[in-house]
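Derivation of every value follows stated rules applied to the coordinates shown; laboratory data play no part. Note that this is a predicted model, so its numbers are computed, not measured. Positions of Cβ are backbone-derived with ideal geometry, glycine not excepted, and every protein chain shown enters the neighbour counts.
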Amino acid sequence: MSKTSSSPSHQMASNHQDHFESPDYYQLDDLLSEEHLMIRASIRDFVKKEITPFIEVWAEKNHFPNEIVSKFGMIGAFGPTFPLQYGGGGLDYISYGLIMQEIERGDSGMRSTASVQGSLVMYPIYTYGSEEQKQKFLPKLASGEMLGCFGLTEPNHGSNPSGMETSFEDKGDHYLLNGAKMWISNAPHADIAVRLGKR
């Protein structure tokens, strides 16, 4: 095990070298803009440096690399399609897809960390939250200062929202949430939780 940095991730480096190159058999790259290609290349380099050399050891040691959260924020992997005013990148959904595809190639769990943050935590806040909530949470989620999770899956019904038992009740000055959730990505390390419930 080699040590390439003082961070916990790099202390767990394996001997794995990532030499991935993607042959463009169907010439799909011709459909991408220069910006798309640049974004994909930068994320691919990030994955080769920060994920694939370590992911096997992380899995073996049941280790979640908390430091990857801020690094995802630094490279714009959290909420890249959101407006700049909320900490997003103002990018299109092709860019978002390319970012997630490259992280997925490195590891599906790491892609889940990134996509849950953007699509299942930031998106509901951006779409349904108040302006105060947007200003309070979105920039910190985009930068990786905060990590979020989204609670859908339940013990009795899995990820089937039509069978969901969790409910909430408006008590005037607060909401009362009753139910149980499980298998929630990011949950053990999350600073904020978006929970799905029925009224």
Between region 144-167 and region 55-119, how far is it from one alpha carbon centroid to the other, in angstrom? 20 Å
Taking the Cβ of each residue in Glu154, Glu35, Glu21 as the centre, tally the other Cβ atoms inside 10 Å and list the residues starting with the fewest. Glu21, Glu35, Glu154
For the chain, what does -39500 (n - 2.57) per DSSP helix run (n ≥ 4), summed and divided by total residues, give at 222 nm, in deg cm²/dmol to the nearest 500? -11000 deg cm²/dmol
The long-range amide H neighbours of Gly151, using H built 1.01 Å from N in the peptide plane and a cut-off of under 5 Å, are Val194, Arg195, Leu196
Residues whose built amide H sits under 5 Å from the amide H of Asp191, excluding neighbours closer than 5 in sequence, are Leu147, Gly148
Residue-by-residue Karplus 3J(HN,Hα) for region 33-50, coefficients 6.51, -1.76, 1.60, Hz, glycine and proline x: 7, 4, 5, 4, 5, 5, 4, 4, 5, 5, 5, 4, 4, 4, 4, 5, 8, 10
Given charges of +1 on the Cβ of Lys and Arg and -1 on the Cβ of Asp and Glu, with all other atoms neutral, how large is the dipole of region 147-199 about its Cα centre, in debye to the nearest 20? 100 debye
Note, ³J(HN,Hα) from phi for region 189-199, Karplus 6.51, -1.76, 1.60, rounded to Hz, x at Gly and Pro: 10, 6, 8, 9, 10, 9, 10, 8, x, 9, 8
Scoring the chain by relative contact order with C-alpha pairs under 8 Å, at least six apart, yields a percentage of 17 percent
Expected output is a single nm value to one decimal: the length gained when fully extending between Asn156 and Gln101, i.e. 0.36 nm times separation in residues minus the C-alpha distance. What is it? 16.6 nm
Could you list which residues have their amide H under 5 Å from that of Gly79, counting only those 5 or more apart in sequence or on another chain, with H placed in the peptide plane? Gly118
Through the Karplus equation 6.51 cos²θ - 1.76 cosθ + 1.60, θ set to phi - 60°, convert the phi angles of region 61-72 into ³J(HN,Hα) values in whole Hz; use x for Gly and Pro. 9, 6, 10, 9, x, 4, 5, 5, 5, 5, 5, 4
Multiply the residue separation of Met182 and Asn62 by 0.36 nm, subtract the distance between their alpha-carbon atoms, and state the gained length in nm to one decimal. 41.4 nm
Using +1 at the C-beta of Lys and Arg and -1 at the C-beta of Asp and Glu, which of Asn62, Phe82, Ser42 has the Cα lying farthest in the positive direction of the dipole of region 32-93? Asn62
Inter-label distance, nm, simple model (7 Å from Cα along the C-beta direction), Asp29/Asp92: 1.9 nm
FRET efficiency for Ser108 and Glu131, Cβ-Cβ distance as r, R0 = 41 Å, nearest 0.05? 0.75
